[in-house]
Every structure is written in structure tokens, then in C-alpha cells.
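Before any comments, here is the structure.
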Protein chains: 2
Amino acid sequence: MSTPAPKVEFWYEFASTYSYLSAMRIEDAARAAGVDVVWKPFLLGPIFFAQGWNTSPFNIYPAKGRYMVREMERLTAVRGLPFKMPSPFPQNSLLATRIAIIGHDEGWGVPFSKRVYAAQFGAGAGIADAASLGGILRDLGQDPARVIALAGQPETKDRLKQRSEEAQELGIFGAPSFLTKGELFWGDDRLEQALALATAK
Amino acid sequence: MSTPAPKVEFWYEFASTYSYLSAMRIEDAARAAGVDVVWKPFLLGPIFFAQGWNTSPFNIYPAKGRYMVREMERLTAVRGLPFKMPSPFPQNSLLATRIAIIGHDEGWGVPFSKRVYAAQFGAGAGIADAASLGGILRDLGQDPARVIALAGQPETKDRLKQRSEEAQELGIFGAPSFLTKGELFWGDDRLEQALALATAK
């Protein structure tokens, strides 16, 4: 009997700049480590709202926001990724997240998520509406009308609500977050620690 | 003529757990990189206050606080450092910071700062009052009465106020922060990036 590969859950929020960094590298990093990744799109909005925030902390705390943009410029340059902030920031990620849940069911959730990040933070495009997400779906050979209808079903909405509650119960307060063996790691810069723990004997 | 060594400013707040991590390793890391470190003790309190916070964000946002403690446990274990949270947290760091300013003038600021961190986050001891800081000063061969009197002079108080204003002007919003060549790096995990930029041609 072969042992199943160790697992890391990758909790990501589409509107999160640092989640973009992780989404673009986690497949290669996990493959090199021999780890399976479970992609978990979720919404930070309800978690932030419960903390009394009605927008991104990068908007509420301007010094932190300026630093984030500068750091994203530095990190994307080192990694050879394009970077452009969308306007407005943050983008409403509700529809994209519901679609990603469908996509992960149907096997195209990973390329969909990466394309949403590339459009939003690589090209600075809006990703909030059905039109822009429809273009991405078409590129993936999916019928936008079918997928967007599925994304709007009560069942999909409920699953996303449960996902966000699960995030809160796990103690998640930011994105990206990585979960393995009951340990939480917050931030793109913690990916290596999560992979190392997943494969530790 | 010899070229002066590249410099990194190390902005640290005594009440900051992650600053403890950096204080304990920055000398070795900088020496290995051929970089001079300028130690800059400052107060985060006024910066947090300007953002509407009256205590540490780790107290205001409990999920973040729980995560910080767990992460400190993990990181100090890997680095072979003792770790115990003081109570209450955060400790009032005003007197320690004023003393550190005197200490850096007189050449004992680095060992003083490291001992304050070791007492506070290695042993979980209070560092807010003249009695505990006096013990550290005595261990360093300093006369507590003399140093604490100096720390209370209007000139020292003014210098710390200016220091904290300088931090705000530099865009500093957390600790530790590293500054080199006009670029700001926030967090113990960014020390290597700051050292690399300092020595880049």
C-alpha cells in the first residue's frame, strides 16, 4: 500500500495581494516538497467585519498600505511576476470565490484562480463582475452562463458561508494562510515552513 | 581610503515580541553580511494611538494574538531561544526605551537591549519599572540611580519624542523595521532582505 502524500490546505482570498504571490508559486513548491495542496478559497470580508473593519486594513492604515504596495513591487520583481494594483482596491471577490468553489469541484479551480489573480494583480483589471469573470471562464473552455448560474445557487452560497465560518473557527485572520497537522501559518513568507511541517516525520 | 561598511537601521520596540527575535540575531547576521547596524529604539505606542489603537493589535484582535504566541513558540524553538510571555502584555516600554537611548550614547545600549528582551520574553519578567531595569543596569556595571536620572531629563524625553516622530515620517507602522538605502522592511523575517539590499552593488 502506498502512503498518501502529506497535505497542506491553502486558504486564499482573491482580493489579497499576498495570496497572489502564493497562488503563483504553490504548485511548484508543493510538487518539489512532495505535498498535495488543497485549495480553499474563502472571504476575508466577514472576518474583517467581525473585527470592526469595513475595508482592507491596507486602506484603513495608510502607512501599512503604502508599505504593502512597495513590498509587492519588490517581491514581484524578484519573482518575475507582473504587478499592477486594481482600482478600486480591494475588489469585491464574492462572485469569483463562488465560481472558484464550483471550479474546484469540476477540476478547473486552480487555473481559474491563477487567472483571476493574474488579471487583477498582474494587469490591474477588475474581477468583481460577471463580464470579466466570464472572459476568464471562456478562456478555460467553460460556459460562463452555466457556471455563473451554478455560482448563484443557494447551495453554492451556503457552501461559501460554511467555508468562511470554518476559516474563523480555524483561527484564520488573514490571507494567505496555510494549514497542516493542525498548525496555522499566515503569509506567503510562511509557505516553506508549512511544507516543511507537512513532510516532517 | 577604506569604504565605510554598508548600514542598516534596526528600529525596535521593547514591547514587541518579533523585535526580540531580531535583537537576538541581528549582530551575527549583520557581521556575516559585512553590514553595520544602527540600533534605533522607539515607541510604537504613539503610532498605534494615531491609528486608533490603545493597546497592542495582538490584544485588540484575539485571533492574531493567539497566532503570534503560537508562532513565537515555533520560531524560538527552532532558534534555541527561551520564550515566555510577560503579564501584562504589552509591558510599558517607556523607561526602558529612554534608558536604551542613553545606553547607545554610552556604548552599552546593545547588551542592555538584549537583556531587556531576554528578561521580558525569555523569562516572562516585567520590564516596566525602575527596579527591574535597575537590576539589568547593575549587571552591566552601570549605576542605576545615575542612568535613571539621566533617562528622566527633559533632553532625553525630547530625543525619544523626536525619534518616534522620525519613525512616523519614515512610514514605520510596526516593529521590528529595518531601513537601508531608503527602503523599509517590516518584520523579523525581512532582515535578510534588508541586509541583501544594504550590500547590493
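Candidates are the residues of the stretch B:167-197 that are over 21 Å from residue B:6 (Cα atoms) and either among the basic types (Lys, Arg) or free of Cβ contacts under 8 Å to residues at least 60 places away in the same chain (or both); the one that is farthest from the other protein chains (Cβ to nearest Cβ) is B:169. In the stretch B:58-74, of all residues being closer than 13 Å to residue A:168 by Cα and of a type outside the set (Lys, Arg), the one that is surrounded by the most Cβ atoms within 10 Å (Cβ to Cβ) corresponds to B:61. Restricting the search to the stretch B:54-87, which residues are at pLDDT 95 or above and in a loop (DSSP other than H, G, I, E, B)? B:80, B:81, B:82, B:83, B:84, B:85, B:86, B:87 - these are the residues of the stretch B:54-87 that are at pLDDT 95 or above and in a loop (DSSP other than H, G, I, E, B). Counting just the residues of the stretch B:156-166 that are surrounded by fewer than 16 Cβ atoms within 10 Å (Cβ to Cβ) and of a type in the set (Lys, Arg), which one comes out farthest from the other protein chains (Cβ to nearest Cβ)? Per the criteria, the residue is B:157. So for the stretch A:133-150 (the condition being within 16 Å of the chain's Cα centre (by Cα) and under 30 Å from residue B:77 (Cβ atoms)), does at least one residue qualify? The answer is no, given that none of the residues of the stretch A:133-150 is within 16 Å of the chain's Cα centre (by Cα) and under 30 Å from residue B:77 (Cβ atoms). Considering each residue of the stretch A:103-116 in turn, none proves to be within 12 Å of another protein chain (Cβ to nearest Cβ), assigned to a helix (DSSP H, G or I), surrounded by fewer than 21 Cβ atoms within 10 Å (Cβ to Cβ) and free of Cβ contacts under 8 Å to residues at least 60 places away in the same chain.
On inspection, residue A:146 qualifies as of a type in the set (Lys, Arg), more than 14 Å from chain B (Cβ to nearest Cβ) and without any contact (Cβ under 8 Å) to a residue 12 or more places away in the chain. Residue check: residue A:146 meets all listed conditions (1) loosely packed, with under 14 Cβ neighbours inside 10 Å; (2) assigned to a strand (DSSP E or B) but one, namely (2). A count restricted to the stretch A:1-32 and to residues that are of a type in the set (Lys, Arg) and either in contact with a strand residue (DSSP E or B) (Cβ under 8 Å, 6 or more places away or on another chain) or modelled with pLDDT under 95 (or both) stands at 1. Each residue in the stretch A:10-58 was checked for being touching an Asp or Glu at 6+ places or on another chain (Cβ under 7 Å) and charged (D, E, K, R), and 1 pass. Which one of A:26, A:60 is β-branched (Val, Ile, Thr) and within 14 Å of chain B (Cβ to nearest Cβ)? Unique residue meeting the criteria: A:60.
Mind counting the residues in the stretch B:1-53 that are among the aliphatic types (A, V, I, L, M) and either exposed (fewer than 14 other Cβ atoms within 10 Å of the Cβ) or not in a helix (DSSP H, G or I) (or both)? Residues flagged as among the aliphatic types (A, V, I, L, M) and either exposed (fewer than 14 other Cβ atoms within 10 Å of the Cβ) or not in a helix (DSSP H, G or I) (or both) within the stretch B:1-53 amount to 12.
Residues satisfying the criterion are absent from the stretch B:74-89 (criterion: within 14 Å of chain A (Cβ to nearest Cβ) and in contact with a strand residue (DSSP E or B) (Cβ under 7 Å, 6 or more places away or on another chain)). Buried (at least 16 other Cβ atoms within 10 Å of the Cβ) and under 19 Å from residue B:90 (Cβ atoms): which single residue out of B:123, B:128, B:151 fits that description? Testing whether each residue is buried (at least 16 other Cβ atoms within 10 Å of the Cβ) and under 19 Å from residue B:90 (Cβ atoms) leaves just B:128. Among all positions in the stretch A:3-19, there is at least one residue which is among the basic types (Lys, Arg) and touching a Ser or Thr at 6+ places or on another chain (Cβ under 8 Å). For the stretch B:35-94, residues that are of a type in the set (A, V, I, L, M) and over 25 Å from residue A:61 (Cβ atoms) total 6.
Exactly one residue out of B:191, B:137 is more than 15 Å from residue A:71 (Cβ to Cβ), modelled with pLDDT of 95 or more and of a type in the set (A, V, I, L, M, F, W, C): that is B:137.
The values are calculated or read from the model by the stated rules, or taken from the named source; none is laboratory data. Computed from a predicted structure; not experimentally measured. Because the Cβ atoms are built from the backbone with ideal geometry, glycine has one as well, and the counts that use them run over all protein chains shown.
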